[in-house]
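One structure is given below, encoded as C-alpha coordinates.
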Amino acid sequence: MKNHSDEDAKQIQSLLGFGEFSARKSYYPELQKRIEDLENLQSLLSGIINSMPSALIALDAQGRVTQWNTEAERLSGLSSSHALGKSIAEAFPLLEAHKDWVQVSMREPAVSKKERIKSGDQESTKYYDVTIYPLVQAHVKGSVIRVDDVSEKVRIEEIMIQSEKMLSIGGLAAGMAHEINNPLAGILHNAQIIAFRLSKELRKNHEIAAQCGVTMDIINDYVNRRSIMDKIRDIQTSGERAADIVSNMLSFSRKTEVEFESQDLHVLLDHTIELASKDYDLKKKYDFRQIRMTRDYAPNLPYLYCVGGQIQQVVLNLLINIAQAMNENKEQEQPPQITIRTAQEPDMIRIEVEDNGPGMTPFVKKRIFEPFFTTKRPGKGTGLGLAVSYFIVTKTHHGTMHVESTPGQGATFIIRLPLAQSE
Ligand SMILES: Nc1ncnc2c1ncn2[C@@H]1O[C@H](COP(=O)(O)OP(=O)(O)OP(=O)(O)O)[C@@H](O)[C@H]1O
Ligand SMILES: [Mg+2]
(Lines give C-alpha, C1' and ligand atoms only; values in the text may rest on other atoms or scores of the structure.)
(Ligands and ions follow the chains in the order given, each with its own letter.)
Protein backbone atom coordinates (compact mmCIF):
# COMPACT_ATOMS: atom_id res chain seq x y z
CA MET A 1 0.00 0.00 0.00
CA LYS A 2 2.78 2.34 1.09
CA ASN A 3 4.64 1.56 -2.10
CA HIS A 4 1.64 2.42 -4.06
CA SER A 5 1.35 5.84 -2.38
CA ASP A 6 4.95 6.57 -3.08
CA GLU A 7 4.30 5.64 -6.64
CA ASP A 8 1.35 8.04 -6.66
CA ALA A 9 3.46 10.84 -5.29
CA LYS A 10 6.03 10.27 -7.97
CA GLN A 11 3.45 10.25 -10.65
CA ILE A 12 1.83 13.43 -9.37
CA GLN A 13 5.22 15.07 -9.28
CA SER A 14 5.71 14.08 -12.84
CA LEU A 15 2.29 15.36 -13.73
CA LEU A 16 3.14 18.70 -12.22
CA GLY A 17 5.79 18.96 -14.86
CA PHE A 18 8.78 17.19 -13.39
CA GLY A 19 8.27 13.83 -15.15
CA GLU A 20 7.90 12.42 -18.56
CA PHE A 21 5.05 13.55 -20.74
CA SER A 22 4.03 9.93 -21.19
CA ALA A 23 3.59 9.53 -17.41
CA ARG A 24 1.49 12.69 -17.30
CA LYS A 25 -0.68 11.33 -20.01
CA SER A 26 -1.31 7.98 -18.34
CA TYR A 27 -2.21 9.47 -14.92
CA TYR A 28 -4.35 12.28 -16.20
CA PRO A 29 -7.73 10.45 -16.04
CA GLU A 30 -6.96 9.22 -12.50
CA LEU A 31 -6.16 12.73 -11.26
CA GLN A 32 -9.12 14.12 -13.10
CA LYS A 33 -11.35 11.66 -11.23
CA ARG A 34 -9.86 12.56 -7.86
CA ILE A 35 -10.37 16.24 -8.50
CA GLU A 36 -13.97 15.49 -9.45
CA ASP A 37 -14.41 13.44 -6.27
CA LEU A 38 -13.01 16.30 -4.24
CA GLU A 39 -15.26 18.79 -5.96
CA ASN A 40 -18.27 16.56 -5.37
CA LEU A 41 -17.39 16.23 -1.70
CA GLN A 42 -16.93 19.96 -1.41
CA SER A 43 -20.27 20.69 -3.04
CA LEU A 44 -21.96 18.04 -0.88
CA LEU A 45 -20.49 19.62 2.26
CA SER A 46 -21.44 23.14 1.27
CA GLY A 47 -24.88 21.81 0.28
CA ILE A 48 -25.28 20.35 3.76
CA ILE A 49 -24.02 23.53 5.42
CA ASN A 50 -26.22 25.78 3.28
CA SER A 51 -29.36 23.69 3.68
CA MET A 52 -29.12 23.85 7.46
CA PRO A 53 -31.91 25.84 9.07
CA SER A 54 -29.31 27.38 11.42
CA ALA A 55 -26.82 30.09 10.63
CA LEU A 56 -23.37 28.47 10.63
CA ILE A 57 -20.35 30.71 10.79
CA ALA A 58 -16.76 29.47 10.95
CA LEU A 59 -14.05 31.73 12.33
CA ASP A 60 -10.27 31.44 12.12
CA ALA A 61 -7.98 31.83 15.13
CA GLN A 62 -8.08 35.63 14.71
CA GLY A 63 -11.85 35.62 14.83
CA ARG A 64 -12.28 36.39 11.10
CA VAL A 65 -15.15 34.82 9.19
CA THR A 66 -14.09 31.93 6.95
CA GLN A 67 -17.46 30.29 6.33
CA TRP A 68 -20.90 31.97 6.07
CA ASN A 69 -23.86 29.82 5.10
CA THR A 70 -27.17 30.78 3.47
CA GLU A 71 -29.06 31.10 6.76
CA ALA A 72 -26.30 33.41 8.07
CA GLU A 73 -26.86 35.53 4.95
CA ARG A 74 -30.61 35.58 5.64
CA LEU A 75 -30.36 36.45 9.34
CA SER A 76 -27.68 39.10 8.95
CA GLY A 77 -28.74 40.46 5.56
CA LEU A 78 -25.07 40.24 4.52
CA SER A 79 -23.91 38.12 1.59
CA SER A 80 -21.17 35.56 2.06
CA SER A 81 -18.78 37.52 -0.16
CA HIS A 82 -19.18 40.60 2.05
CA ALA A 83 -18.93 38.67 5.31
CA LEU A 84 -15.79 36.64 4.59
CA GLY A 85 -12.74 38.12 6.30
CA LYS A 86 -14.71 40.41 8.59
CA SER A 87 -14.76 40.10 12.37
CA ILE A 88 -17.90 38.45 13.70
CA ALA A 89 -19.16 41.59 15.48
CA GLU A 90 -18.84 43.53 12.21
CA ALA A 91 -20.55 40.90 10.10
CA PHE A 92 -23.28 39.95 12.55
CA PRO A 93 -24.44 43.09 14.41
CA LEU A 94 -26.70 40.95 16.64
CA LEU A 95 -23.55 39.73 18.40
CA GLU A 96 -22.07 43.22 18.81
CA ALA A 97 -23.67 43.57 22.25
CA HIS A 98 -22.30 40.18 23.27
CA LYS A 99 -18.83 40.52 21.80
CA ASP A 100 -17.00 39.99 25.13
CA TRP A 101 -18.78 36.70 25.60
CA VAL A 102 -18.02 35.72 21.99
CA GLN A 103 -14.33 36.59 22.46
CA VAL A 104 -14.04 34.48 25.61
CA SER A 105 -16.07 31.57 24.22
CA MET A 106 -13.98 31.40 21.05
CA ARG A 107 -10.92 30.61 23.15
CA GLU A 108 -12.72 28.04 25.32
CA PRO A 109 -12.21 24.38 24.54
CA ALA A 110 -15.86 23.68 25.44
CA VAL A 111 -19.25 24.53 23.99
CA SER A 112 -20.91 27.70 25.30
CA LYS A 113 -24.45 28.75 24.65
CA LYS A 114 -26.66 31.80 25.15
CA GLU A 115 -30.39 31.42 24.74
CA ARG A 116 -33.08 33.91 23.80
CA ILE A 117 -30.82 36.77 22.72
CA LYS A 118 -33.25 39.55 21.97
CA SER A 119 -33.02 41.81 18.97
CA GLY A 120 -35.19 44.41 17.26
CA ASP A 121 -37.62 46.80 18.87
CA GLN A 122 -40.79 46.15 20.84
CA GLU A 123 -42.83 46.01 17.65
CA SER A 124 -40.78 43.33 15.91
CA THR A 125 -38.78 41.47 18.50
CA LYS A 126 -36.72 38.51 17.37
CA TYR A 127 -35.06 35.90 19.57
CA TYR A 128 -31.94 33.89 18.81
CA ASP A 129 -30.10 31.01 20.45
CA VAL A 130 -26.34 31.26 19.91
CA THR A 131 -23.89 28.38 20.38
CA ILE A 132 -20.12 28.71 20.07
CA TYR A 133 -17.90 25.66 19.85
CA PRO A 134 -14.24 24.99 19.04
CA LEU A 135 -13.40 23.80 15.58
CA VAL A 136 -11.85 20.36 15.93
CA GLN A 137 -9.34 20.01 13.13
CA ALA A 138 -5.73 18.91 13.26
CA HIS A 139 -4.02 21.93 11.75
CA VAL A 140 -6.64 24.64 11.76
CA LYS A 141 -7.55 26.51 14.91
CA GLY A 142 -10.79 28.38 15.11
CA SER A 143 -14.35 28.17 16.21
CA VAL A 144 -17.86 27.74 14.85
CA ILE A 145 -20.86 29.85 15.75
CA ARG A 146 -24.36 28.54 15.28
CA VAL A 147 -27.30 30.96 15.44
CA ASP A 148 -30.90 29.74 15.53
CA ASP A 149 -33.88 31.99 15.01
CA VAL A 150 -36.24 30.84 17.79
CA SER A 151 -38.69 33.76 17.55
CA GLU A 152 -41.59 31.54 16.50
CA LYS A 153 -40.93 29.10 19.35
CA VAL A 154 -40.77 31.95 21.87
CA ARG A 155 -43.98 33.40 20.44
CA ILE A 156 -45.85 30.11 20.87
CA GLU A 157 -44.52 29.74 24.41
CA GLU A 158 -45.63 33.28 25.17
CA ILE A 159 -49.11 32.60 23.81
CA MET A 160 -49.38 29.52 26.00
CA ILE A 161 -48.18 31.35 29.10
CA GLN A 162 -50.46 34.22 28.16
CA SER A 163 -53.56 32.04 27.91
CA GLU A 164 -52.72 30.33 31.19
CA LYS A 165 -52.20 33.72 32.80
CA MET A 166 -55.45 34.99 31.34
CA LEU A 167 -57.39 32.07 32.69
CA SER A 168 -55.89 32.37 36.17
CA ILE A 169 -56.44 36.14 36.21
CA GLY A 170 -59.93 35.35 34.95
CA GLY A 171 -60.57 33.08 37.92
CA LEU A 172 -59.20 35.71 40.28
CA ALA A 173 -61.34 38.38 38.66
CA ALA A 174 -64.45 36.25 39.10
CA GLY A 175 -63.64 35.74 42.79
CA MET A 176 -63.05 39.47 43.29
CA ALA A 177 -66.23 40.31 41.45
CA HIS A 178 -68.26 38.20 43.88
CA GLU A 179 -66.66 40.05 46.80
CA ILE A 180 -67.20 43.49 45.28
CA ASN A 181 -70.81 42.79 44.38
CA ASN A 182 -72.28 43.14 47.89
CA PRO A 183 -70.66 46.40 49.00
CA LEU A 184 -71.37 47.84 45.57
CA ALA A 185 -75.03 46.93 45.80
CA GLY A 186 -75.01 48.65 49.23
CA ILE A 187 -73.52 51.85 47.76
CA LEU A 188 -76.02 51.99 44.91
CA HIS A 189 -78.99 51.16 47.10
CA ASN A 190 -78.11 53.80 49.69
CA ALA A 191 -77.49 56.47 47.08
CA GLN A 192 -80.99 55.84 45.84
CA ILE A 193 -82.41 56.07 49.40
CA ILE A 194 -80.65 59.43 49.94
CA ALA A 195 -82.19 60.74 46.69
CA PHE A 196 -85.63 59.59 47.85
CA ARG A 197 -85.23 61.17 51.28
CA LEU A 198 -84.38 64.53 49.75
CA SER A 199 -87.35 64.44 47.41
CA LYS A 200 -90.36 66.68 47.86
CA GLU A 201 -92.59 63.90 46.49
CA LEU A 202 -92.62 61.83 49.70
CA ARG A 203 -95.03 62.82 52.48
CA LYS A 204 -92.83 61.32 55.15
CA ASN A 205 -90.00 63.70 54.22
CA HIS A 206 -92.27 66.71 54.84
CA GLU A 207 -93.29 65.30 58.25
CA ILE A 208 -89.74 64.80 59.45
CA ALA A 209 -88.62 68.18 58.07
CA ALA A 210 -91.45 69.85 60.05
CA GLN A 211 -90.37 68.01 63.21
CA CYS A 212 -86.92 69.52 62.67
CA GLY A 213 -88.37 72.99 62.24
CA VAL A 214 -87.64 73.34 58.50
CA THR A 215 -89.59 72.80 55.29
CA MET A 216 -88.69 70.57 52.36
CA ASP A 217 -88.52 73.74 50.24
CA ILE A 218 -85.71 75.06 52.42
CA ILE A 219 -83.97 71.69 52.36
CA ASN A 220 -84.36 71.52 48.58
CA ASP A 221 -83.05 75.03 48.22
CA TYR A 222 -79.96 74.02 50.16
CA VAL A 223 -79.60 70.75 48.20
CA ASN A 224 -79.80 72.63 44.90
CA ARG A 225 -77.40 75.37 45.91
CA ARG A 226 -74.84 72.78 47.07
CA SER A 227 -75.46 70.59 43.96
CA ILE A 228 -76.08 67.61 46.20
CA MET A 229 -78.35 65.86 43.71
CA ASP A 230 -75.59 66.06 41.06
CA LYS A 231 -73.20 64.41 43.48
CA ILE A 232 -75.69 61.64 44.15
CA ARG A 233 -76.14 61.10 40.40
CA ASP A 234 -72.35 60.91 40.09
CA ILE A 235 -72.30 58.19 42.74
CA GLN A 236 -74.99 56.34 40.80
CA THR A 237 -73.26 56.63 37.43
CA SER A 238 -69.90 55.54 38.80
CA GLY A 239 -71.57 52.75 40.74
CA GLU A 240 -73.35 51.51 37.63
CA ARG A 241 -70.12 51.53 35.70
CA ALA A 242 -68.47 49.51 38.45
CA ALA A 243 -71.45 47.13 38.37
CA ASP A 244 -70.98 46.66 34.60
CA ILE A 245 -67.33 45.80 35.16
CA VAL A 246 -68.27 43.40 37.93
CA SER A 247 -70.84 41.66 35.76
CA ASN A 248 -68.22 41.32 32.99
CA MET A 249 -65.77 39.89 35.47
CA LEU A 250 -68.38 37.44 36.63
CA SER A 251 -68.50 35.99 33.11
CA PHE A 252 -65.12 34.44 33.93
CA SER A 253 -66.75 32.32 36.56
CA ARG A 254 -67.25 28.79 35.35
CA LYS A 255 -70.24 28.48 37.62
CA THR A 256 -72.43 30.76 35.54
CA GLU A 257 -75.51 28.91 34.41
CA VAL A 258 -75.32 28.41 30.68
CA GLU A 259 -77.73 26.72 28.38
CA PHE A 260 -76.51 25.10 25.19
CA GLU A 261 -78.99 24.92 22.36
CA SER A 262 -78.91 24.23 18.64
CA GLN A 263 -78.80 27.62 16.99
CA ASP A 264 -78.93 28.97 13.48
CA LEU A 265 -75.70 30.97 13.56
CA HIS A 266 -76.80 33.29 10.74
CA VAL A 267 -79.92 34.29 12.65
CA LEU A 268 -77.76 34.96 15.72
CA LEU A 269 -75.36 37.08 13.67
CA ASP A 270 -78.19 39.04 12.03
CA HIS A 271 -79.66 39.77 15.47
CA THR A 272 -76.31 40.94 16.75
CA ILE A 273 -75.77 43.30 13.82
CA GLU A 274 -79.24 44.69 14.37
CA LEU A 275 -78.55 45.07 18.09
CA ALA A 276 -75.29 46.91 17.36
CA SER A 277 -77.00 49.32 14.99
CA LYS A 278 -79.67 50.09 17.57
CA ASP A 279 -77.43 50.34 20.64
CA TYR A 280 -77.73 53.94 21.74
CA ASP A 281 -74.38 54.02 23.53
CA LEU A 282 -72.73 52.62 20.47
CA LYS A 283 -74.47 55.11 18.22
CA LYS A 284 -73.02 57.93 20.28
CA LYS A 285 -69.57 56.57 19.52
CA TYR A 286 -70.13 55.61 15.91
CA ASP A 287 -73.05 55.58 13.59
CA PHE A 288 -73.29 52.06 12.25
CA ARG A 289 -75.13 53.26 9.15
CA GLN A 290 -71.85 54.77 7.96
CA ILE A 291 -70.18 51.36 7.99
CA ARG A 292 -70.73 49.08 5.02
CA MET A 293 -71.70 45.75 6.50
CA THR A 294 -71.09 42.76 4.24
CA ARG A 295 -72.45 39.37 5.19
CA ASP A 296 -70.56 36.60 3.50
CA TYR A 297 -72.46 33.62 4.88
CA ALA A 298 -71.69 30.03 3.91
CA PRO A 299 -74.69 28.25 2.36
CA ASN A 300 -76.19 25.27 4.21
CA LEU A 301 -74.30 25.91 7.41
CA PRO A 302 -75.32 23.29 9.98
CA TYR A 303 -76.88 24.32 13.29
CA LEU A 304 -74.39 25.22 15.99
CA TYR A 305 -74.75 23.83 19.49
CA CYS A 306 -73.89 26.86 21.62
CA VAL A 307 -75.05 29.37 24.20
CA GLY A 308 -76.72 31.82 21.82
CA GLY A 309 -76.58 34.83 24.15
CA GLN A 310 -72.88 34.37 24.73
CA ILE A 311 -72.00 34.06 21.04
CA GLN A 312 -73.98 37.24 20.46
CA GLN A 313 -72.03 38.91 23.27
CA VAL A 314 -68.73 37.91 21.62
CA VAL A 315 -69.70 39.27 18.19
CA LEU A 316 -71.20 42.39 19.72
CA ASN A 317 -67.91 43.02 21.57
CA LEU A 318 -66.06 42.74 18.27
CA LEU A 319 -68.45 45.14 16.53
CA ILE A 320 -68.25 47.65 19.38
CA ASN A 321 -64.45 47.54 19.28
CA ILE A 322 -64.46 48.11 15.52
CA ALA A 323 -66.85 51.03 15.85
CA GLN A 324 -64.61 52.54 18.52
CA ALA A 325 -61.42 51.92 16.53
CA MET A 326 -62.96 53.54 13.45
CA ASN A 327 -64.25 56.44 15.49
CA GLU A 328 -60.73 57.17 16.69
CA ASN A 329 -59.50 56.99 13.14
CA LYS A 330 -61.96 59.26 11.35
CA GLU A 331 -59.50 60.57 8.79
CA GLN A 332 -59.24 57.10 7.25
CA GLU A 333 -59.36 57.24 3.45
CA GLN A 334 -61.37 54.17 2.46
CA PRO A 335 -65.03 54.03 3.51
CA PRO A 336 -65.39 51.99 6.71
CA GLN A 337 -66.33 48.41 6.09
CA ILE A 338 -67.00 45.29 8.14
CA THR A 339 -67.28 41.80 6.67
CA ILE A 340 -68.81 38.98 8.68
CA ARG A 341 -67.95 35.65 7.14
CA THR A 342 -68.94 32.12 8.07
CA ALA A 343 -67.54 28.83 6.81
CA GLN A 344 -67.74 25.19 7.63
CA GLU A 345 -64.60 23.26 8.47
CA PRO A 346 -64.39 19.61 9.49
CA ASP A 347 -66.18 19.44 12.90
CA MET A 348 -65.98 23.22 13.24
CA ILE A 349 -67.66 26.41 12.21
CA ARG A 350 -65.48 29.39 11.48
CA ILE A 351 -66.65 32.95 12.02
CA GLU A 352 -64.54 35.82 10.75
CA VAL A 353 -65.13 39.45 11.58
CA GLU A 354 -62.99 41.64 9.37
CA ASP A 355 -62.66 45.41 9.42
CA ASN A 356 -60.68 47.91 7.40
CA GLY A 357 -59.99 50.17 10.37
CA PRO A 358 -56.65 51.22 11.86
CA GLY A 359 -55.49 47.68 12.73
CA MET A 360 -53.06 47.20 15.57
CA THR A 361 -49.35 47.00 16.25
CA PRO A 362 -47.79 43.59 17.05
CA PHE A 363 -47.44 44.76 20.67
CA VAL A 364 -51.16 45.53 21.02
CA LYS A 365 -52.07 42.39 19.09
CA LYS A 366 -50.14 40.24 21.54
CA ARG A 367 -52.00 41.59 24.52
CA ILE A 368 -55.58 42.29 23.45
CA PHE A 369 -57.07 39.15 25.02
CA GLU A 370 -55.55 39.94 28.41
CA PRO A 371 -58.07 41.05 31.02
CA PHE A 372 -57.83 44.80 31.66
CA PHE A 373 -55.64 45.45 28.62
CA THR A 374 -56.94 48.55 26.88
CA THR A 375 -55.52 51.32 24.75
CA LYS A 376 -58.44 53.56 25.60
CA ARG A 377 -58.25 56.48 27.98
CA PRO A 378 -58.82 55.72 31.68
CA GLY A 379 -62.52 55.53 32.31
CA LYS A 380 -63.25 54.78 28.63
CA GLY A 381 -62.52 51.09 28.28
CA THR A 382 -62.19 48.40 30.90
CA GLY A 383 -60.16 46.07 28.69
CA LEU A 384 -62.52 43.24 29.52
CA GLY A 385 -64.46 42.97 26.24
CA LEU A 386 -62.04 40.68 24.43
CA ALA A 387 -60.92 38.84 27.57
CA VAL A 388 -64.53 37.86 28.25
CA SER A 389 -65.03 36.95 24.58
CA TYR A 390 -61.91 34.79 24.63
CA PHE A 391 -63.12 33.05 27.75
CA ILE A 392 -66.56 32.38 26.25
CA VAL A 393 -65.09 30.95 23.05
CA THR A 394 -62.27 28.86 24.51
CA LYS A 395 -63.56 27.76 27.90
CA THR A 396 -67.33 27.63 27.60
CA HIS A 397 -67.44 26.56 23.95
CA HIS A 398 -64.09 24.74 23.62
CA GLY A 399 -63.27 26.73 20.49
CA THR A 400 -60.38 28.94 19.46
CA MET A 401 -60.09 32.67 18.90
CA HIS A 402 -57.30 34.71 17.43
CA VAL A 403 -56.63 37.87 15.50
CA GLU A 404 -54.70 38.78 12.40
CA SER A 405 -53.81 42.40 11.92
CA THR A 406 -51.30 44.75 10.36
CA PRO A 407 -51.14 48.40 11.41
CA GLY A 408 -53.09 50.52 8.96
CA GLN A 409 -54.67 47.52 7.29
CA GLY A 410 -57.55 46.56 9.53
CA ALA A 411 -58.03 43.52 11.71
CA THR A 412 -59.66 40.10 11.30
CA PHE A 413 -60.89 38.16 14.30
CA ILE A 414 -61.18 34.44 13.64
CA ILE A 415 -63.32 32.26 15.86
CA ARG A 416 -63.67 28.52 15.49
CA LEU A 417 -66.44 26.72 17.33
CA PRO A 418 -66.85 22.95 17.46
CA LEU A 419 -70.12 21.73 15.92
CA ALA A 420 -70.71 19.29 18.75
CA GLN A 421 -69.98 20.04 22.40
CA SER A 422 -68.59 17.35 24.63
CA GLU A 423 -69.35 17.76 28.31
N1 LIG B 1 -60.94 45.90 15.53
C2 LIG B 1 -59.96 46.47 16.23
N3 LIG B 1 -59.10 47.33 15.62
C4 LIG B 1 -58.09 47.89 16.32
N5 LIG B 1 -57.85 47.70 17.63
C6 LIG B 1 -58.67 46.88 18.29
C7 LIG B 1 -59.76 46.21 17.64
N8 LIG B 1 -60.40 45.45 18.55
C9 LIG B 1 -59.74 45.61 19.72
N10 LIG B 1 -58.71 46.46 19.58
C11 LIG B 1 -57.75 46.85 20.64
O12 LIG B 1 -57.84 45.89 21.69
C13 LIG B 1 -57.97 46.54 22.95
C14 LIG B 1 -58.71 45.64 23.91
O15 LIG B 1 -60.06 45.46 23.51
P16 LIG B 1 -61.15 45.06 24.60
O17 LIG B 1 -62.46 44.96 23.92
O18 LIG B 1 -60.67 43.87 25.35
O19 LIG B 1 -61.12 46.26 25.61
P20 LIG B 1 -61.61 47.76 25.35
O21 LIG B 1 -62.45 47.81 24.12
O22 LIG B 1 -60.42 48.63 25.40
O23 LIG B 1 -62.49 48.02 26.63
P24 LIG B 1 -64.02 47.53 26.83
O25 LIG B 1 -64.28 46.44 25.85
O26 LIG B 1 -64.06 47.07 28.22
O27 LIG B 1 -64.83 48.75 26.57
C28 LIG B 1 -58.65 47.84 22.63
O29 LIG B 1 -58.37 48.82 23.62
C30 LIG B 1 -58.06 48.19 21.25
O31 LIG B 1 -56.81 48.83 21.42
MG1 LIG C 1 -64.01 46.38 23.81
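The values are calculated or read from the model by the stated rules, or taken from the named source; none is laboratory data. Keep in mind it's a predicted model, so treat the numbers as computed, not measured. Virtual Cβ from ideal backbone geometry, glycine too; neighbours counted across all protein chains shown. Keep in mind that these areas ignore ligands, DNA and RNA; they rest on the heavy atoms of the full protein, side chains included. Shrake-Rupley method; radii C 1.70, N 1.55, O 1.52, S 1.80 Å.
Toward the positive end of the charge dipole of the chain, about the Cα centre and with charges on Cβ (Lys, Arg +1; Asp, Glu -1), which of I145, P362, G399 goes farthest?
The Cα lying farthest towards the positive end belongs to P362.
Grab the Cα-Cα distance for E90 and T400, subtract it from 0.36 nm times how many residues apart they are, and report the gain in nm with one decimal.
Difference between extended and current length: 107.1 nm.
If you count, for each residue, the other Cβ atoms within 10 Å and average over each peptide, how do 312-321, 336-345 line up from highest to lowest?
Final packing ranking: 312-321, 336-345.
For V150, which sequence-distant residues (separation of 5 or more, or a different chain) have an amide H within less than 5 Å of its own amide H, given hydrogens modelled in the peptide plane?
Amide H to amide H, under 5 Å and 5 or more residues apart or across chains, V150 pairs with Y127, Y128, D129.
Per residue of segment 333-341, what does 6.51 cos²θ - 1.76 cosθ + 1.60 with θ = phi - 60° give for ³J(HN,Hα)? Whole Hz please, x for Gly and Pro, Karplus curve as stated.
6, 6, x, x, 8, 10, 10, 10, 10
Short version: ³J(HN,Hα) in whole Hz for each residue of segment 66-75, in order, from phi by Karplus 6.51 cos²θ - 1.76 cosθ + 1.60 (θ = phi - 60°), x for Gly and Pro, what are they?
Listing the rounded values in order: 10, 8, 8, 7, 4, 5, 5, 4, 5, 5 Hz.
Suppose all protein chains stay in the model; what accessible area per residue would a 1.4 Å probe give for the chain, in Å²?
Values: 25980 Å² over 423 residues.
For the chain, the solvent-accessible area averages 61 Å² per residue.
Can you run phi through the Karplus equation (6.51, -1.76, 1.60; θ = phi - 60°) for segment 146-156 and list ³J(HN,Hα) in whole Hz, with x for Gly and Pro?
Whole-Hz 3J(HN,Hα) from phi for segment 146-156: 10, 10, 10, 7, 10, 4, 5, 4, 4, 5, 5.
Using +1 on the beta carbon of Lys and Arg, -1 on that of Asp and Glu, and nothing else charged, what's the dipole of segment 156-250 about the Cα centre, debye to 20?
On the way: 10 positive and 12 negative charges, 126 e Å.
With Lys and Arg at +1 and Asp and Glu at -1, about 600 debye.
Expressed as a whole percentage, what fraction of the accessible surface of the chain belongs to carbon and sulfur atoms when a 1.4 Å probe is rolled over the protein heavy atoms?
Details: 13940 of 25980 Å².
Here it works out to 54 percent.
Which residue, chosen from L38, N317, I245, occupies the Cα position most advanced towards the positive end of the dipole of the chain, where the dipole is computed from +1 (Lys, Arg) and -1 (Asp, Glu) charges on Cβ about the Cα centre?
I245
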